[in-house]
Amino acid sequence: MHNLTIKQMSEKLHAGEITSVQLTQHYLDRISQYDAELNAFVTVTPELAISMAEAADKMLAAGNGELLTGIPIAHKDIFCTDGVKTSCSSKMLDNFIAPYDAYVVEKLKKVGMPILGKTNMDEFAMGSTSESSYYGPTKNPWDLNAVPGGSSGGAAAVISAGLAPMATGTDTGGSIRQPASFCGITGIKPTYGSVSRFGIVAYASSFDQAGPMTRSAEDAAWMLNAMAGFDERDSTSLERETPDFAAELNQPLKGLKIGVPAEYFGEGLDSGVEDVVRNAIAEVEKLGAETVEVHLPNKDLAVPSYYVLAPAEASSNLSRFDGVRFGHRCEAPKDLEDLYKRSRSEGFGAEVKRRIMVGAYALSAGFYDAYYLKAQKLRRMVRDDFTKAFESCDVIMGPVAPSPAFNIGEKSDDQVSMYLSDLYTIPVNLAGLPGLSVPAGFVNNRPVGLHIVGPYFSEAKLLNIGHQYQQVTDWHKQMPEQYQ
Amino acid sequence: MSWEVVIGLEIHAQLTTQSKIFSGSSIAYGASPNSQASAIDLGMPGMLPVLNAGVIDKSISLGLALNAEIGRKSVFDRKNYMYPDLPKGYQTTQLEFPIVGQGSLEIDVDGEKKVIGVTRAHLEEDAGKSNHGVVPGMSGIDLNRAGTPLLEIVSDPDMSSAKEAVAYAKKMHELVQYLGICDGNMQEGSFRVDSNVSIRKPGEPFGTRTELKNINSFRFIEKAIEFEIERQIEVIENGGEVVQETRLYDSENDTTRSMRSKEEANDYRYFPCPDLLPVIITEEDIQAVKATMPELPDTKRIRFVSEFGLSDYDAEVLTGSRDMAEFFEAVVKATDNKDAKLCANWMTSGFAAAINKDNLAVTDAPITAEMLAGMLNRIMDDTISGKIAKQVFEAMWNGEGTADEIIEAKGLKQITDTGAIEALVDEVLANNQSQVEAYKGGQEKMMGYFVGQIMKASGGQANPGQVNKMLKEKLS
């Protein structure tokens with residue numbers, strides 16, 4: 001059952017060939033079987049999943065089912081889920097059960113998608129490997145020695161190993177696309193503001209954006225249709241009619257202009273990855289597209305800008321974790337100062353502390369202009385690069401990450417090297433643009449993704465390209481042998 | 001060698017919205033602790049602020065009243081500091097792009113007019129309250145107030161005495177209530193005044209300032225500032241230095257004492273709040289607010305003098321609050337504008353005295369403008385005298401009915417029948433022969449005595465004008 005596309009599953013559910021309870025139980029069984037070694041889930045919710053599946057079966061039987069009704073899902077542990085622990089993979093929130101649902105959770109619940117559990121991630125979404133989780137690292141299903149990427153590493157591993165047909169992710173600085181690339185799945189970060197941030201534990205508010213993580217572009221389109229929409233509870237939510245992201249799936253690609261930025265194929269890019277990406281672009285050209293060279297001259301400013309702005313926002317967003325109202329509270333505080341210091345020292349891991357300190361420093365009196373304001377200027381320059389590039393092309397293609405998944409522990413002592421591995425994804429977050437990663441091949445038996453970036457609101461076009469590419473390739477259908 | 005005093009005020013006016021500035025929770029005063037604190041107010045993970053649009057129009061109206069620039073692009077910033085009654089670990093406020101820019105307010109101190117600059121007014125959320133001592137050994141946190149919308153109105157350092165500072169604060173207090181943007185209740189903390197006080201020798205740069213916070217009456221603000229000026233002079237003249245700090249006023253001992261020094265102050269690490277978009281205010285938005293703005297106190301005062309011929313003093317008293325002014329105008333209207341001065345006299349004496357005595361707001365008075373006008377109409381048409389009217393007013397105040405009902409029930413109608421008055425005059429003159437002789441002998445003050453006796457005999461109901469006229473005829 002786990003090899004079916006979403007559309008096939010939906011057809012079987014609506015035809016009564018399978019029930020949601022059967023489908024959900026199938027995935028729960030696979031989770032029991034495989035998650036011990038993958039550590040992709042922080043929490044598995046079998047009872048909730050089955051009771052939701054029963055409700056979904058009733059909806060289907062009554063003819064009230066929608067396309068995704070009855071199809072189970074796994075939520076990244078950053079989405080608040082009423083009555084279920086939402087930890088953000090942090091000791092700080094190890095005891096936190098939200099009394100409300102995130103907008104995305106609420107919406108997908110209404111559609112009737114049973115919740116299998118909450119997936120592992122980098123603590124507070126700060127990381128590119130899922131190693132900073134309080135609950136230990138998630139393993140890459142393609143190679144248990146490799147990281148799955150991050151921060152949505154649990155979600156990517158879950159889809160890759162077939163432990164759920166769909167998963168939610170969030171992408172602040174590549175956190176959907178990079179793990180999608182590392183685990184050989186499809187993930188899209190929509191235009192900033194497309195999906196409400198209400199109920200998503202905030203990391204860096206001006207970057208955070210939720211998106212689907214699935215096996216194919218087509219599946220992602222169906223899921224994005226169900227996730228997106230204006231939400232008055234998020235002031236940065238886009239007030240517009242939500243388009244049908246699947247509407248353009250079957251359009252031919254004839255005449256498509258692909259921008260290939262020279263800067264994305266320079267020094268530091270693994271030659272194997274480069275071959276995979278160039279072959280993928282050539283494949284799309286065969287479908288009638290043409291390539292043009294474009295330039296993103298300020299690419300190298302993106303990572304430094306991001307690592308000032310995101311920590312600055314994070315340092316403020318994470319101030320609420322003070323041991324007073326929720327979350328970790330130290331034993332027997334002597335006084336207020338002691339309560340703050342120990343609760344936070346004990347509750348946060350090293351990477352979170354590092355980013356809080358970097359961010360607080362960048363905002364402090366005397367440094368604000370040199371760091372925060374300058375980083376905002378760089379952010380605009382990076383965005384302007386894209387605007388200019390899109391004058392001569394429809395979409396930009398390149399690598400998602402400079403290498404395939406690296407080994408667990410390989411970069412955990414070298415933060416700068418790890419930060420730099422996000423050099424292709426971060427510019428897209430700075431600009432707020434949509435970006436898609438689709439599986440495009442392997443290097444040393446580890447998956448590699450093709451990165452497709454478009455102008456604002458071009459999600460339907462990106463998914464169209466992804467889908468057309470997946471009609472002529474089968475990278476997205478491949479699964480690690482032991483999980484088939 | 002004299003000292004020059006420099007005072008600037010920061011006023012926090014709580015805006016009269018139904019709900020909080022970034023959440024739907026009620027801001028009603030006095031609810032049980034934490035009963036008006038939602039997940040947003042508690043700063044729960046994943047919660048986001050949504051601006052209450054009502055605060056924008058209210059701020060614009062103050063800006064217009066102060067002839068200030070309106071911030072066409074108004075930005076919310078985060079002021080980061082940790083305290084248990086600040087749930088998110090930052091206060092959402094405005095730093096660089098406030099909603100109201102430079103403006104001014106004219107004050108009047110003992111007849112001297114002075115224009116005080118208003119630097120800016122910005123929107124922000126209030127913090128909660130820490131209650132020490134409720135729970136033994138711990139502090140109780142009440143987040144009902146957290147997120148209450150405040151407009152912080154910052155003056156230029158333009159005031160040079162406690163009197164001027166209080167005149168400015170009172171004028172602002174009157175203005176925000178006129179505009180209907182703040183209820184002005186100082187006891188409940190809806191209108192809070194912080195004073196920055198420093199002294200210097202004329203021509204020298206500003207001295208170090210101290211801040212006097214949260215004093216909840218104008219009288220105490222005046223006393224606190226006066227004390228603080230004296231204290232600073234003493235410190236400096238004794239060779240010391242004023243320390244920049246916040247000082248609390250102790251009304252029982254009429255002194256100020258140090259609360260916290262600015263050296264311990266936080267670095268607030270302000271930055272634009274990424275959860276809120278800048279508010280863009282168009283010319284149309286401003287015009288829409290302008291169209292619904294009430295007449296402002298100064299304009300009203302000038303109009304009352306020119307339109308109704310009132311004295312400056314009466315106009316001042318009547319425009320002291322918007323409710324009072326509106327009540328007065330309703331009375332004038334219901335008396336067909338026959339004698340606005342008489343209406344003003346009754347408003348400033350009888351009516352004002354009665355509400356003060358019973359400690360009532362104008363809107364809670366037991367009589368309506370129409371009822372008061374009903375009585376004044378009877379004075380104007382000579383049905384009752386001013387003296388009888390006092391009796392009627394009191395009866396109306398006590399709920400005995402309208403003026404006409406009371407006059408009828410108590411038989412208070414003025415005697416205007418010439419025959420009846422003549423009979424009274426004749427009777428009094430006949431009974432006071434010696435006084436009549438005295439009058440005729442040149443003691444003209446006896447006239448007052450006769451009038452008094454006649455009025456007494458009539459039970460106050462004789463028309464005094466007619467009595468006077470007839471007496472003069474009889475005695476000539």
(request) Would you please name the residue that is nearest to the other protein chains (Cβ to nearest Cβ), looking only at residues in segment B:107-126 that are surrounded by fewer than 19 Cβ atoms within 10 Å (Cβ to Cβ) and of a type in the set (A, V, I, L, M)? (result) B:Val115
(message) Looking for something assigned by TED's automatic domain parsing to the domain that holds B:Thr335, touching a Leu at 6+ places or on another chain (Cβ under 9 Å) and of a type in the set (Gly, Ala, Ser) - is there at least one such residue anywhere in segment B:439-460?
(response) no
(request) Select from segment A:280-307 the residues that are part of a helix (DSSP H, G or I) and polar (S, T, N, Q) and list them in ascending order. (result) A:Ser305
(message) Here are the criteria: (1) assigned to a loop (DSSP other than H, G, I, E, B); (2) touching a residue at least 40 places away in the same chain (Cβ under 8 Å); (3) closer than 17 Å to B:Ile11 by Cβ. Tell me which single one B:Asn144 does not satisfy.
(response) (3)
(message) Restricting to segment A:86-114, name every residue that is more than 12 Å from chain B (Cβ to nearest Cβ) and either surrounded by fewer than 24 Cβ atoms within 10 Å (Cβ to Cβ) or outside any helix (DSSP H, G or I) (or both).
(response) A:Ser89, A:Lys91, A:Asp94, A:Asn95, A:Lys107, A:Lys109, A:Lys110, A:Val111, A:Gly112, A:Met113, A:Pro114
(message) Every residue in segment A:407-422 that is without any contact (Cβ under 8 Å) to a residue 24 or more places away in the chain and either crowded, with 24+ Cβ neighbours inside 10 Å or touching a Lys or Arg at 6+ places or on another chain (Cβ under 8 Å) (or both), please.
(response) A:Ser417
(request) Any residue in segment B:72-88 that's facing chain A (nearest Cβ under 9 Å) and under 19 Å from A:Ser235 (Cα atoms): show its pairings with residues that are among the charged types (D, E, K, R) and buried (at least 22 other Cβ atoms within 10 Å of the Cβ) at Cβ separation under 6 Å, as long as the two are six or more apart or on different chains. (result) B:Lys88/A:Arg320
(message) Condition first: assigned by TED's automatic domain parsing to the domain that holds B:Ile141 and part of a helix (DSSP H, G or I). Can you find one or more residues in segment B:39-48 that meet it?
(response) no
(request) Sort out which residues of segment B:405-419 are surrounded by fewer than 16 Cβ atoms within 10 Å (Cβ to Cβ), in contact (Cβ under 8 Å) with a residue 12 or more places away in the chain and not in a loop (DSSP other than H, G, I, E, B), and write them in order of number. (result) B:Lys410, B:Thr418
(request) Mind telling me which of the residues B:Ser104, B:Ser130 ends up being within 14 Å of another protein chain (Cβ to nearest Cβ), in a strand (DSSP E or B) and either touching a residue at least 40 places away in the same chain (Cβ under 8 Å) or surrounded by fewer than 22 Cβ atoms within 10 Å (Cβ to Cβ) (or both)? (result) B:Ser130
(request) Among residues belonging to segment B:19-56 that are within 22 Å of B:Asn185 (Cα to Cα), among the β-branched types (Val, Ile, Thr) and buried (at least 21 other Cβ atoms within 10 Å of the Cβ), point out the one that is farthest from the other protein chains (Cβ to nearest Cβ). (result) B:Ile27
(request) Identify all residues within segment A:410-462 that are in contact with a helix residue (DSSP H, G or I) (Cβ under 7 Å, 6 or more places away or on another chain) and small (Gly, Ala, Ser); write none if there are none. (result) A:Ala431, A:Gly435, A:Ser437, A:Ala440, A:Gly441, A:Gly449, A:Gly454
(request) Evaluate the following for B:Gly442: is it in a helix (DSSP H, G or I), of a type outside the set (S, T, N, Q) and exposed (fewer than 11 other Cβ atoms within 10 Å of the Cβ)? (result) no
(request) Check B:Pro98 against each of (1) away from every other protein chain (no Cβ under 14 Å); (2) farther than 27 Å from B:Ala291 by Cβ; (3) at pLDDT 95 or above and name the one condition it does not meet. (result) (2)
(message) Return the pair list, or none, for Cβ contacts closer than 9 Å from residues in segment A:206-220 that are within 14 Å of another protein chain (Cβ to nearest Cβ) and within 21 Å of A:Leu309 (Cα to Cα) to residues that are part of a loop (DSSP other than H, G, I, E, B) and of a type in the set (Phe, Trp, Tyr), at least 6 apart or on different chains.
(response) A:Ser206/A:Tyr192; A:Phe207/A:Tyr192; A:Asp208/A:Tyr192; A:Gln209/A:Tyr192
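Residue-wise test of (1) within 24 Å of the chain's Cα centre (by Cα); (2) within 14 Å of chain B (Cβ to nearest Cβ).
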residue: A:Val273; (1), (2): yes, no
residue: A:Glu283; (1), (2): no, no
residue: A:Thr291; (1), (2): no, no
residue: A:Ala302; (1), (2): yes, no
residue: A:Tyr306; (1), (2): yes, yes
residue: A:Ala310; (1), (2): yes, yes
residue: A:Glu313; (1), (2): yes, yes
residue: A:Val324; (1), (2): no, yes
(message) One residue is enough: does segment B:203-225 have a residue meeting the conditions within 14 Å of chain A (Cβ to nearest Cβ) and farther than 29 Å from B:Glu69 by Cα?
(response) no
(message) Looking only at segment A:57-84, filter to residues that are within 14 Å of another protein chain (Cβ to nearest Cβ), within 30 Å of A:Ile408 (Cα to Cα) and assigned to a loop (DSSP other than H, G, I, E, B); which one of those is farthest from the chain's Cα centre (by Cα)?
(response) A:Cys80
(request) Would you point out the residue of segment A:308-357, among those that are crowded, with 22+ Cβ neighbours inside 10 Å, in a loop (DSSP other than H, G, I, E, B) and among the hydrophobic types (A, V, I, L, M, F, W, C), that is modelled with the lowest pLDDT? (result) A:Val324
(request) Those residues that are outside any helix (DSSP H, G or I) and either under 18 Å from A:Pro141 (Cα atoms) or in contact with a Leu (Cβ under 8 Å, 6 or more places away or on another chain) (or both), I need them from segment A:34-56; list them, please. (result) A:Asn39, A:Ala40, A:Phe41, A:Val42, A:Val44, A:Thr45
(request) Determine whether B:Ile7 is in contact (Cβ under 8 Å) with a residue 40 or more places away in the chain and within 14 Å of chain A (Cβ to nearest Cβ). (result) no
(message) Anything in segment A:423-482 that is charged (D, E, K, R), surrounded by fewer than 24 Cβ atoms within 10 Å (Cβ to Cβ) and under 20 Å from the mean Cα position of the chain (by Cα)? List them, or say none.
(response) A:Arg446, A:Lys461, A:Lys477
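Quick grid of which residues meet (1) over 26 Å from the mean Cα position of the chain (by Cα); (2) within 30 Å of B:Asn52 (Cβ to Cβ); (3) surrounded by 14 or more Cβ atoms within 10 Å (Cβ to Cβ):
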{"residue": "B:Gln187", "(1), (2), (3)": "no, yes, no"}
{"residue": "B:Arg200", "(1), (2), (3)": "yes, no, yes"}
{"residue": "B:Phe206", "(1), (2), (3)": "yes, no, no"}
{"residue": "B:Glu211", "(1), (2), (3)": "no, yes, yes"}
{"residue": "B:Ala224", "(1), (2), (3)": "no, no, yes"}
{"residue": "B:Gln232", "(1), (2), (3)": "yes, no, yes"}
{"residue": "B:Asn253", "(1), (2), (3)": "yes, no, no"}
(message) Filter segment A:119-141 down to the residues that are within 14 Å of the chain's Cα centre (by Cα) and in a strand (DSSP E or B) and list them by number.
(response) A:Thr119
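Okay, residues lined up against (1) in a loop (DSSP other than H, G, I, E, B); (2) over 28 Å from B:Gly63 (Cβ atoms); (3) among the small types (Gly, Ala, Ser):
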| residue | (1), (2), (3) |
| --- | --- |
| B:Ile229 | no, yes, no |
| B:Gly239 | yes, yes, yes |
| B:Val243 | yes, yes, no |
| B:Asn253 | yes, yes, no |
| B:Asn266 | yes, yes, no |
| B:Asp275 | yes, no, no |
| B:Asp285 | no, no, no |
| B:Leu310 | yes, yes, no |
| B:Ala325 | no, no, yes |
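The values are calculated or read from the model by the stated rules, or taken from the named source; none is laboratory data. All figures in this text were calculated on a predicted structure; none of them were measured in a lab. Here Cβ is always computed from backbone atoms with ideal geometry, including for glycine, and neighbour counts include all displayed protein chains.
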